[in-house]
1. I need LEU74, LEU103 ordered by Cβ neighbour count within 10 Å, fewest first.
2. Of the GluC sites (Glu not before Pro) in the range 93-133, which ones lie in a loop per DSSP and count no more than 16 other C-beta atoms within 10 Å?
3. Give me the distance in nm between label points sitting 7 Å out from Cα along the Cα-to-Cβ direction at ILE25 and ARG96, one decimal.
4. Show which aspartates and glutamates lie in cross-link reach of LYS118 when reach means a straight Cα distance below 18 angstrom and same-chain residues fewer than eight apart are skipped.
5. For ARG12 and ALA63, what is the calculated FRET efficiency with R₀ set at 22 Å and r taken between the beta-carbons, to the nearest 0.05?
6. Each residue of the range 102-112 in turn: what ³J(HN,Hα) in whole Hz from Karplus with 6.51, -1.76, 1.60 and θ = phi - 60°, glycine and Pro shown as x?
7. When Lys and Arg each count +1 and Asp and Glu each count -1, what net charge do the other residues less than 15 Å away from GLU30, Cβ to Cβ, add up to?
8. List the trypsin sites (Lys or Arg not before Pro) within the range 47-147 that fall in a DSSP loop (any state other than H, G, I, E or B) and whose Cβ has at most 16 other Cβ atoms within 10 Å.
Amino acid sequence: MHCPFCQHTDSRVIDSRVSDDGATIRRRRECEACGERFSTLETVELKLPVIIKTDGRREHFDARKLRLSFDRALHKRPVSEEQIEAAVRGVVHDLRMTAERELPSRRVGEFVMAQMRKLDQVAFVRFASVYRKFEDAADFREELDRLERELPGEGQLQLLEIKDAGRKNR
C-alpha cells in the first residue's frame, strides 16, 4: 500500500475494524517514512457477471450505477441510507447467486425491481416507469393495479388512495 502523502511503499496497520455488515474491514495505517496516518477499506473481490446490454454491448457490472438507480428512484422518499445499502447488497447477492458469467441487463433490472418493491412502492413505480418504458398513463395504471394485487401495502402510502385522489382532482 503506497502512502497517499509521500508515496512510500511501507505502512503499518494501527487498527482494524470490521464494518457493521461484515463485508469490509477498515484499517487505520501509518506511513513508516513520513508518519502520516490514513485509512483503507478491504473488501472481498468476487467476480460478478458481465452485463449484456439491450444493444448487445457487454459491460462489467458497476455498483455505482446500481446505487445511482436506487438514489434516483428513491429521491425524496422516506427510506434510510441503511435500507438503500441493504437493497444494493441484495441485488449484488442475487447477481452472485446466478453463477452466470454473463447476464442480460433485463435480468439485472428484475433483481432491482424486486428490491425496490420491498423498499418503497412509489420508488418502485418510478423505477418501473423508466425500466419498462411506460408510454402513457394506462401503463402506470396497469403497474399500480399489479402492485395492489401483489403487495398488501402495509407501512407504505396506499397507492390506491393516491390513485383515487388523482382521479377525483380531474
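1. LEU103, LEU74
2. The qualifying sites are GLU100.
3. Result for the modelled spin labels: 1.6 nm.
4. ASP71, GLU81, GLU82, GLU85, ASP94, GLU110, GLU143, ASP145, GLU148, GLU150, GLU154
5. Calculated value: 0.15.
6. 9, 9, x, 4, 4, 5, 4, x, 5, 4, 5
7. Cβ neighbours under 15 Å give a net charge of +2.
8. Passing sites in the range 47-147 are LYS47, LYS53, ARG57, LYS76, ARG101, ARG132, LYS133.
Values quoted throughout were computed directly from the atomic coordinates according to the rules given, and no laboratory measurement underlies them. It should be emphasised that the depicted structure is a prediction, and the values quoted were computed from it without experimental measurement. Don't worry about glycine lacking a Cβ; one is built from the backbone with ideal geometry, like all the others, and counts go over all protein chains shown.
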